[in-house]
Amino acid sequence: MTARILVLNGPNLNMLGTREPEIYGRESLADIEAACVARGRDLGLEVEFRQSNSEGELVGWVQDARGVFDALIINAAAYTHTSVAILDALRAFDAPIIEVHITNIHQRDEFRRHSYVAMVARAAIAGCGPYGYELALDAAARMLVPADQAPHG
Ligand code: CA2
């Protein structure tokens, strides 16, 4: 059966491509979604891509993902650095979680260096621009291969 991957995006990421291109680039979130769906197709993954500015809506989506999706890729945006509610919801998700950031959060403001999501993420990708989402899908595909069928390395 085709593995299902949920890609969640937090507040203000719907503004991508419209402002601050020097920080976040010129691609829109719709461009990133299209790239993820295409990459997912190549990898044999079904990708569902969502964005919300609401912490509560993100928490609800994480709760509802349990038992439905085989991995979760999340760019929680500013909530990365503040949200114990999203952390608690992620703790109950029973499959791989991969954290993505477009920018290198470790090279920016001090407050961006701490991530609640990192406490439960199997892997984290930061600073690769929008391509980080495709890298996360590659990583998810690899994580979902049963150990006895996984390539070495
Ligand atoms: O680098 C990332 O992906 C971030 O998650 C982006 C968040 C930021 O708060 C995190 O520290 C790092 C901000 C997303 C806001 O995106 C905008 C894009 C264009 C215009 C305005 C905001």
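Here, each number is a calculation from the coordinates, and none is a lab measurement. Not measured: the values here are computed from a predicted model. Neighbour counts run over all protein chains shown; Cβ positions are idealised from the backbone, glycine included.
Highest first, please rank the peptides 83-89, 71-77 by the mean number of other Cβ atoms sitting within 10 Å of their residues.
On the way: 83-89: 17.6, 71-77: 25.1.
Per-residue mean Cβ counts within 10 Å order the peptides as 71-77, 83-89.
Could you rank the peptides 97-105, 60-68, 21-29 by their average count of other C-beta atoms within 10 Å per residue, with the highest value first?
The peptides rank, most packed first, as 97-105, 60-68, 21-29.
Tell me, what HN-Hα J-couplings in whole Hz come from the Karplus equation 6.51 cos²θ - 1.76 cosθ + 1.60 at θ = phi - 60° for each residue of region 85-97, using x for Gly and Pro?
The phi angles translate into 5, 5, 4, 4, 5, 5, 4, 8, 7, 9, 8, x, 10 Hz.
Any idea what angle helix 131-143 forms with the longest principal axis of the chain, computed on alpha-carbon atoms, 0 to 90 degrees, nearest 10?
30 degrees
To the nearest 500 deg cm²/dmol, what mean residue ellipticity at 222 nm is calculated for the chain from DSSP H runs of n ≥ 4 alone, each contributing -39,500 (n - 2.57), summed and divided by the residues? Could you put the intermediate results ahead of the total?
Numbers: 5 runs with 51 residues, N = 153.
One gets -10000 deg cm²/dmol as the mean residue ellipticity at 222 nm.
If you take every residue apart from LEU135 with its C-beta less than 14 Å away from the C-beta of LEU135, what net charge results, scoring Lys and Arg +1 and Asp and Glu -1? It would help to have the intermediate numbers written out before the result.
Working: positive: ARG39, ARG122, ARG142; negative: ASP42, GLU99, GLU134, ASP138.
With Lys, Arg at +1 and Asp, Glu at -1, the neighbours total -1.
For ALA124, list long-range residues whose amide hydrogen, built 1.01 Å from N in the peptide plane, is under 5 Å from its own amide hydrogen.
Counting only residues 5 or more places away or on other chains, the set is GLU99.
Got a sec? Charge dipole of the chain, +1 on Cβ for Lys and Arg, -1 for Asp and Glu; which of VAL37, THR80, GLN51 is way out at the positive end?
THR80
So how much slack lies between ARG66 and ASN104, counting 0.36 nm per residue of separation and subtracting their Cα-Cα distance, in nm? Working shown, then result.
Numbers: separation 38, 0.36 × 38 = 13.68 nm, distance 2.89 nm.
So the chain would gain 10.8 nm between ARG66 and ASN104.
Placing unit charges on C-beta atoms (Lys and Arg positive, Asp and Glu negative, everything else neutral), compute the dipole magnitude of region 3-146 about its Cα centre in debye, rounded to 20. Working shown, then result.
On the way: 13 positive and 19 negative charges, 44 e Å.
The dipole magnitude comes to about 220 debye.
Under 1.5 on a/c is rounded, so check that first for region 84-134, then, if it is not, pick prolate when a/b is larger than b/c and oblate when it is not; a ≥ b ≥ c are the square roots of the alpha carbon gyration tensor eigenvalues. Spell out each step's value before the answer.
On the way: a/c = 2.93, a/b = 1.36, b/c = 2.15.
It is oblate, given that a/c is not under 1.5 and a/b is not larger than b/c.
What percentages make up the Cα-Cα pair-distance distribution of the chain when the bins are 10 Å wide from 0?
It works out to 11, 44, 36, 9, 0, in whole percents.
Would region 29-106 count as rounded, prolate or oblate if I go by the C-alpha gyration tensor, calling it rounded below 1.5 in a/c and otherwise prolate when a/b exceeds b/c, oblate otherwise? Numbers along the way, then the final one.
Working: a/c = 1.79, a/b = 1.25, b/c = 1.44.
Oblate, because a/c is 1.5 or more while a/b does not exceed b/c.
Working out 0.36 nm times the residue gap between ARG4 and VAL37, then minus their Cα-Cα distance, what length gain in nm do you get to one decimal?
Details: separation 33, 0.36 × 33 = 11.88 nm, distance 1.13 nm.
Once the chain is fully extended between ARG4 and VAL37, it gains 10.8 nm.
Pull up all non-local amide H partners of THR103: gap of 5 or more, or a different chain, and H-to-H distance under 5 Å with H placed in the peptide plane.
Counting only residues 5 or more places away or on other chains, the set is GLY127.
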